[in-house]
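The values are calculated or read from the model by the stated rules, or taken from the named source; none is laboratory data. All of these numbers come straight from a predicted model, not from anything done at the bench. Glycine gets a Cβ as well: all are built from the backbone with ideal geometry, and neighbour counts include every protein chain shown. Side chains are part of the model used for accessible areas, which takes the heavy atoms of the whole protein and leaves out ligands, DNA and RNA. Shrake-Rupley method; radii C 1.70, N 1.55, O 1.52, S 1.80 Å.
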Amino acid sequence: MAAEDLPSEFDIVILGTGLAESVVAAACSRVGQRVLHLDRRSHYAANWASFTFNGLLTWIQEHHEESQPEELQDWSSLLEEGEELIYLNPSDSASIRNLQVFCFTSEKDEEEEAQSAVPPSTTEEEKGEAADDTVDETESADPKEEESEEKPEETAAGQEGQGAQTAGEGPEVDQSHPSVAQSQSEPTRKKISYAQLVKEGRRFNIDLVSKLMYSRGSLVDLLIKSNVSRYAEFKNVTRILTYRHGNVEQVPCSRADVFASRQLSVVEKRKLMRFLTSCVEETEEQQAFTGRPYLDFLRDQQLGDNLQHFLLHSIAMVTEDTPTEVGLASTRHFLRCLGRYGNTPFLFPVYGLGEIPQCFCRMCAVFGGIYCLRHSVHCLLVDKDSNRCKAVIDSRGQRISCNHFVVEDGYVEANRKNVATPTRFISRAVLITDASVLPSGSDQHVSMVTVPPIAAGSPAVKMVELCPSSMTCMSGTYLVHLTCQSVGSSYQDLSPVVTKLFHTPESHDQEHRPSVLWCLYFNMADGDGTQVQGHNLPSNVYLCSGPDADLGHDHAIRQAELIFQKILPEEDFCPPAPNPEDIIYDGDGTSFPEEEEKQEEELVEEQEVQTEE
């Protein structure tokens, strides 16, 4: 919708299109609220977004460029008696830092390099003879040349993104190109160049945040309840893997996996099945370990090192000092989610996680919500007596009245926040590789990999490997996401893991590992460490934090539900949307099945009254 056409009054104005904000927008619009949903970015989903490869290069370039702070305009002329202004933060760059980009593949295709090595012909006659002799080759090469000529801007942007890196630690630029010896070490793999990555950039959907959907988690339950699931497609995560003793191994999760496993002895299989069965219900023996490390409890159960590793790092996904009650709760949640949609507890949305916020935005729009990207709110108009936000002033200077205002925390000035603890960060790495970390007969695997701390003081790492059938990467490549709690910069936290699991110029004797073609490191603010209450803000202004470090989505969904209950305590949170075939269109408007039922009940009551008379 054009910004000039915005109505001047809404029930709820929402600024930011992250997951929590999008769920609130959908829930409010579904129960009849007038919703205006804005975002100053040019894309949906904020830090939950997915980008094509070229889009990601643009995003990197924007973050490297120092944005000039906007001059605060004086909107006091729009104030009414008894009102005051609260200005919002004009920049949101604080949530992303320490971006470092490395390219470990050649600039051009091998064919292009070979062609460039051939000396050009000197006369028109020689050119004509050469063209006659190689007609077939010319026909097959022309489309590629035309495509490369059609996208000069994208290629240039890619080269800028490729060269971008901070002044922090890491390989120098000249190290980002493999040597001749390295190029010859893997003759069987088809070399994919940087030019191909840029050319096929639209085939990538690269998430800024890496998460999976627990099959019995709050997000899946909400998608089913609200019927929003029909707006997206999902794939099973087919394998749970772990890194142990220098190798990547598959973790037996389901009963079938346990008995088919070759890594476990018969005795270990029986012990594992007995333990998993006993975990379902709480026992006095478990209660006796309350407050003690989960690892102590596993040792007390006479489980060997193999089973302790699988249970601690890959099933419960906790650390050695995690309390037993927390470890058991995580184990039970994992087991409850098994078998609902496959042999693992997880689902992944086709085309990437950025689809999920957009699905809820679509539901909001279906029920009348209005959307404007590249459009923001500059300040709030607050009633001094009631301390409530009466209206907002948008980036075009329009005064828009509202009853409630929901905002992403990055838009709020620091002096308005009650900051009790320093902001925590998540370390992220995104890799494009040429093979899977655990090759198998199928190239359709979506894998979840757990990597325990590889050294004292280093964090545990969760890794998700996506195949081309997830529609997140081009054919012949894999997209790998690594995530952990930040100890240092993302490069310091995650590059040692990348070096051990993949072949890079820094790794030694790793030629058999998948090669990293391109990688990005960055730190992102941890939404779980952001306080959303107790700030110096009007009573009807609600903050939403960004993505957290957990593998699931419970934090964002819980936050959205709490905000909705504060705004509309009497309404149902995200009731089911009617199927399109159930919506009845008539000349006067559109009615839904529940409205039809009410009308029928009223008609029956009227007929009964007339009969009695």
(request) Report whether or not residue 13 is modelled with pLDDT of 95 or more, buried (at least 24 other Cβ atoms within 10 Å of the Cβ) and assigned to a helix (DSSP H, G or I). (result) no
(message) Filter region 260-276 down to the residues that are surrounded by 11 or more Cβ atoms within 10 Å (Cβ to Cβ) and not small (Gly, Ala, Ser) and list them by number.
(response) 263, 264, 268, 269, 270, 271, 272, 273, 274, 275, 276
(request) Taking only region 528-578 into account, find how many residues are part of a loop (DSSP other than H, G, I, E, B) and either on the phi < 0 side of the Ramachandran plot or hydrophobic (A, V, I, L, M, F, W, C) (or both). (result) 30
(request) Out of the residues in region 366-404 that are open to solvent by 10 Å² or more (accessible area, probe 1.4 Å) and of a type in the set (Val, Ile, Thr), state the one that is modelled with the highest pLDDT. (result) 370
(request) Scan region 233-246 and report the pairs whose first residue is of a type in the set (Asp, Glu) and whose second residue is assigned to a loop (DSSP other than H, G, I, E, B), with Cβ atoms within less than 8 Å and a gap of 6+ or a chain change. (result) 233/350; 233/351
(message) Can you go through 600, 596, 581 and tell me which one is at pLDDT below 65, open to solvent by 70 Å² or more (accessible area, probe 1.4 Å), in a helix (DSSP H, G or I) and on the phi < 0 side of the Ramachandran plot?
(response) 600
(message) For region 405-429, which positions are open to solvent by less than 40 Å² (accessible area, probe 1.4 Å) and touching a Leu at 6+ places or on another chain (Cβ under 9 Å)?
(response) 405, 406, 407, 408, 409, 411, 412, 427, 428, 429
(message) residue 454 - would you say it is touching a residue at least 12 places away in the same chain (Cβ under 8 Å) and either under 20 Å from the mean Cα position of the chain (by Cα) or open to solvent by less than 10 Å² (accessible area, probe 1.4 Å) (or both)?
(response) no
(request) Would you mind telling me which numbered condition in (1) in the same structural domain as residue 542 (by TED's automatic domain parsing); (2) out of contact with any Asp or Glu (no Cβ under 9 Å at 6 or more places or on another chain) residue 341 fails? (result) (1)
(request) Identify all residues within region 208-238 that are buried (at least 21 other Cβ atoms within 10 Å of the Cβ) and aromatic (Phe, Trp, Tyr); write none if there are none. (result) 214
(message) at pLDDT 90 or above, open to solvent by less than 40 Å² (accessible area, probe 1.4 Å) and among the aliphatic types (A, V, I, L, M): is that true of residue 241 in this structure?
(response) yes
(request) From the list 440, 427, pick out the single residue that is without any contact (Cβ under 8 Å) to a residue 40 or more places away in the chain, in contact with a strand residue (DSSP E or B) (Cβ under 9 Å, 6 or more places away or on another chain) and within 30 Å of residue 195 (Cα to Cα). (result) 440
(request) Would you please list the contacts, defined by Cβ atoms under 9 Å and residues six or more apart or on different chains, that run from a residue in region 308-332 that is within 21 Å of residue 239 (Cα to Cα) to a residue that is surrounded by fewer than 19 Cβ atoms within 10 Å (Cβ to Cβ) and β-branched (Val, Ile, Thr)? (result) 312/319; 312/322; 313/319; 316/322; 316/326; 318/326; 330/322; 332/280
(request) Out of 510, 492, 533, report the one residue that is touching a residue at least 24 places away in the same chain (Cβ under 8 Å) and surrounded by fewer than 21 Cβ atoms within 10 Å (Cβ to Cβ). (result) 492
